[in-house]
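The values are calculated or read from the model by the stated rules, or taken from the named source; none is laboratory data. Every value quoted in this text rests on a predicted model; they were computed, and no experiment measured them. A quick note on method: Cβ atoms are made from the backbone with ideal geometry, for glycine too, and the neighbour counts reach across all protein chains shown. Heads up: the accessible areas ignore ligands, DNA and RNA and are worked out on the full protein's heavy atoms, side chains in. Shrake-Rupley method; radii C 1.70, N 1.55, O 1.52, S 1.80 Å.
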Amino acid sequence: MDVLMEGFSNTLTFNTILFIFLGVISGIAIGVLPGLTATMGVALLLPITFGMEPLPGILLLIGVYFGAVYGGTITAILINTPGTPASAATALDGYPMTQKGEARKALTIATLSTSIGGIISVIVLILLAPQLANFALQFSAPETFALALFGITIISSLTGKSFAKGIVAGLVGLLIATIGLDPIGGTQRFTFGSMNLNNGVNLIPVMIGLFAAAEAFRSVEKLFSKDKIEVAIKKTKLKWSEFKSLITTILRSAGIGTFVGMIPGSGADITAFIAYNEAKRFSKDKSKFGKGEMKGIAAPEAANSSLTGGAMIPMLTLGIPGDAVTAVLLGALIVQGLQPGPMLFEQDGVLVYGLFIGMLIANLLILILGIYGTRFFTKVLLIPKAILVPVIIMLCAVGSYSLGNNYFDVIVMLVFGIIGYFMIKNDFPASPLILGLILGPIMESNFRRALVMSQGDFSIFITRPITAVLLIFAFITLFSPLIIKLIKKKYRKI
Amino acid sequence: MFNLKKKGSVLLMMMLMIVLSACNGEGNEEGTANGENQGTDFPNKEIELIVPTAAGGGTDMVARQLVDIAQDDLDESIGVMNVEGGSGSVGMTQAANANPDGYTATMVIAELAMYEHLGTSPLTPEDFKPVALINYDPAALTVPADAPYDTVGEFIEYAKEHPGEVSVGNAGPGSIWHVAAANLENAADIELNHVPHEGAAPAVTALAGNHIDAVTVSPAEVRTQLDAGSVKVLAVMSDERHDLIPDVPTLSEEGIDAESIGTWRGITVPSETPDEIVEILEETFVSAAKEEEFIDFMNKNGLGVQVKGSEEFGEFMEENRAMFGEIIPEMGLE
Amino acid sequence: MKFNIPNFISGIIVTVLGLFFLILSFGIKTNSNDIFNASFMPKVYTTLIILFGISIIINSFKDKINHQTLKEYKGPILTMLLVTIYVIVIPILGYYLSTIIMIFAFLFIVKFENRVLLVLTPFIASALIYAVFEILLQVPIPKGSLF
């Protein structure tokens, strides 16, 4: 307890809070730009922290991360272009709300969910870190495979109007993910002799193209038609009663986020979709999802911020990063001379608790900035589309390039921008494609790795408890819509 | 009339911007045609160091730290540019094709000596002129702390009794750590079950969770688990013991005749770079790598500092290349 | 026979592409004798794509007739052409110059009313990008062969 108080007092210095603030602001700016992801932002600012004291340095990076995810959410809601993969699920219901004129409400929901979710996960972190850490170690190839498969089955609930089209989109994503070198044997697949294709198709340029560029192309339709449709920004605020209805969703999603975050290798992108899916599953009126349902924003937002708290658990207690961002943070800690692992709490307990408090502060800052900033953010919608479109295009170009200084990524972005436009026009949803692209490699490589480890024995998938449970989840998710339909048909006959 | 004026000013502004952006571009073109004449006044502008891996990773951090120290010596700044992809081949290929004027250097990694044998890329050490070797980290055979063997000898005994069952994790098919494990197999005449992962860290995680039996990655990468007491290192594949784990014997000490295998990082420039410039760079980087600040940094991270000058580094790369040429074809990679 | 044209076309495209990649999957060279080798998943995916593609085609006969006209595609297609040219030109003229031209061209095509903004926007946008990317983040911007 004293350790906690000491950490508290260390963090509540002007210097530290200033750095958290700077981190959050930079993060938001980075997140808003399509192409710059939260992980990139953290990696880019990492060298700056080398010369700093450990506490402000790490907290700066954490602030950047939270800020970036939030920034990505802002653009996801306002202009249907998620600035980071973590916000991709938020656009599903966030943008429709903006289209209905309820942008302020959507942003408010997002702000509240993300900060509350983050705070909850830090509290869990403070209370339960060492105990939960061992759970992370249980995960090996079979479990990760089952989790990825579960994630893929979520595609079935994202299909929108046409089931077949949604599945096709998901399959296309899965197929694109196979381009390049096979992760287990190193075989070339669909590379057509190109060095660039050998490395596979990068997720980020595809996302930028599919969401940002395609959306930009679509906005042009209205520019050429002579009717000027003004999207009124209603002053509707979030009512207290509405907020109350979201509390269960937020709690559940924060739980999912923290939990899944602990699993090494899970990212904010998948977690947000899982939370979205579960929110839909537990809601009484599923048809509202995708058309501006409040829970559709609350769920992914609570999940993508609580994920970090969860991911920090194995990172701090075992030295095993839960996702890409915590991997960078791990590096930052080591450079500062800290040793993540069971010894960390004993040797540097004060610092660790200081970090936790700092994370709470970061989330609080987002809450404050978000609530007051909403008015300002929605002004973006007032910018004439004619200016917004080319600016988005130029950001897409530079964002795709900045990934790895490879111009090929810009071309990928363009190709998927064009494909994305035609997908929108023909009711092929984009999210399944993204999910397939993200999860395909994880699922396949872990499936084959599990088989290598068990030397070809398939029972490994049934005898391991966590694997079995996840596979059952996957089965239920995939087939329940179908089963429900069949049951309904029978009902009508009776 | 009004319209013409507007269009005129638009045109003027366009021309202005063209000129401005041309200036921005030209600044980087200066001096590249004069490669041969640079000689003694090298360097007179910023040098670029290409790092063939992602920002924030091990190689990147070593590069940035080295550059930080080296640029004080040079009086010119050195900028790091990450060009990732193809296990480093994309960045290093770009570096090999850069202007041989000394203003583009690269941090090269051990994979450079492996590409031709793996079929990944036609790139070889001959596409570069070596400047200096900075770091070397040998493979360390690491097993769970509660494993039934305490020495390499016992491990090999066990492996002989259970051919093909002992699982060894590596950082990916054809990765240096996979090659290291294959090297051990050859030298000890055993059959291991190689389990590829997406990098060394996931493999170490799997080991810590007891999902695989061993890994053969660098000491730095198992360090956190070592300190936590969840793993133990049985041997290192190098000529000398490693500073991070001074109590761990080398393979040869244990009576196993195997090549030293490990990952390494060094600096190179395109093969056509004039020798005088290479000398200047060699001096700079070698002394930077010997600075206390750098050595401290490497020690903190458990990375091994091994410094070789241009000629020695060249020989080193050739030796590695030959060694990989022998081991890799036997590995049966796809 | 009445059917939904866009769905029919997308169904055909999907099925054909699926078939194309299925054939390619058989060409994946691998040393492994495993069933679950590198070519397995691609074959699974492409086969499923073909099946669902056919389902889309069949359903297009049951779907409602589409009353969309081709007119609304005009703007986006023009824009896509412009952006394609933009992407081709960047490696030649460099990012900044290409972007300025692209924004000008776009605003011109759209017949943007406000002349002042028309001129200012490209420059302000480029300046901001320069400040954020090159100075603050030190991330390189695509340079062209001419500039």
Of the candidates A:LEU486, A:LEU478, the one satisfying the condition of being more than 30 Å from B:ASN170 (Cβ to Cβ), touching a helix residue (DSSP H, G or I) at 6+ places or on another chain (Cβ under 8 Å) and either open to solvent by 80 Å² or more (accessible area, probe 1.4 Å) or hydrophobic (A, V, I, L, M, F, W, C) (or both) is A:LEU478
Taking only segment B:305-321 into account, find how many residues are at pLDDT below 90 and touching a Leu at 6+ places or on another chain (Cβ under 8 Å). 1
Which residues, counting only those in segment C:57-80, are at the interface with another protein chain (Cβ under 10 Å from one of its Cβ atoms) and within 27 Å of A:MET413 (Cα to Cα)? C:LYS71, C:GLU72, C:TYR73, C:LYS74, C:GLY75, C:PRO76, C:ILE77, C:LEU78, C:THR79, C:MET80
I'd like to know if segment B:222-244 contains one or more residues that are part of a helix (DSSP H, G or I), in the same structural domain as B:ALA206 (by TED's automatic domain parsing), farther than 29 Å from B:TYR103 by Cα and of a type in the set (D, E, K, R). yes
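Table: residues versus (1) closer than 23 Å to A:ILE476 by Cβ; (2) surrounded by 20 or more Cβ atoms within 10 Å (Cβ to Cβ); (3) within 17 Å of the chain's Cα centre (by Cα).
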{"site": "A:PHE243", "(1), (2), (3)": "no, no, no"}
{"site": "A:ARG252", "(1), (2), (3)": "yes, no, yes"}
{"site": "A:ILE256", "(1), (2), (3)": "yes, yes, yes"}
{"site": "A:MET262", "(1), (2), (3)": "yes, yes, yes"}
{"site": "A:ALA279", "(1), (2), (3)": "yes, yes, yes"}
Restricted to segment B:263-281 and to residues being touching a Ser or Thr at 6+ places or on another chain (Cβ under 8 Å) and open to solvent by less than 50 Å² (accessible area, probe 1.4 Å), the residue nearest to B:ASP227 (Cα to Cα) is B:THR263
Which number in (1) under 23 Å from A:PRO432 (Cβ atoms); (2) facing another protein chain (nearest Cβ under 9 Å); (3) in a helix (DSSP H, G or I) marks the one condition that A:LEU197 misses? (2)
Tell me, which helices (runs of 4 or more DSSP H) lie completely within segment A:86-192 with 1 or more residues that are closer than 16 Å to A:THR75 by Cα? A:88-99, A:103-137
Can you find a residue that is assigned to a loop (DSSP other than H, G, I, E, B) and over 26 Å from B:GLU315 (Cα atoms) anywhere in segment B:63-75? yes
Taking segment A:303-323 and the residues there that are within 9 Å of chain B (Cβ to nearest Cβ) and of a type in the set (A, V, I, L, M), the one that is least open to solvent (accessible area, probe 1.4 Å) would be A:ILE320
Show me the helices (runs of 4 or more DSSP H) entirely contained within segment A:379-466 in which 3 or more residues are farther than 27 Å from C:ILE85 by Cα and open to solvent by less than 30 Å² (accessible area, probe 1.4 Å). A:431-453
Quick check on my filter: what residues within segment B:137-158 are assigned to a helix (DSSP H, G or I), out of contact with any Phe, Trp or Tyr (no Cβ under 9 Å at 6 or more places or on another chain) and either β-branched (Val, Ile, Thr) or surrounded by 15 or more Cβ atoms within 10 Å (Cβ to Cβ) (or both)? B:VAL152, B:GLY153
Residues that are within 13 Å of C:ILE141 (Cβ to Cβ), within 8 Å of another protein chain (Cβ to nearest Cβ) and crowded, with 18+ Cβ neighbours inside 10 Å, drawn from segment C:87-99: C:ILE90, C:GLY94, C:TYR95, C:TYR96, C:LEU97, C:THR99
Given the criterion closer than 30 Å to A:GLY399 by Cα, aromatic (Phe, Trp, Tyr) and assigned to a helix (DSSP H, G or I), identify the matching residue among C:PHE108, C:PHE112, C:PHE52. C:PHE108
If I ask for residues that are touching a helix residue (DSSP H, G or I) at 6+ places or on another chain (Cβ under 8 Å) and of a type in the set (Gly, Ala, Ser), which ones from segment B:231-256 would you list? B:ALA235, B:GLY255
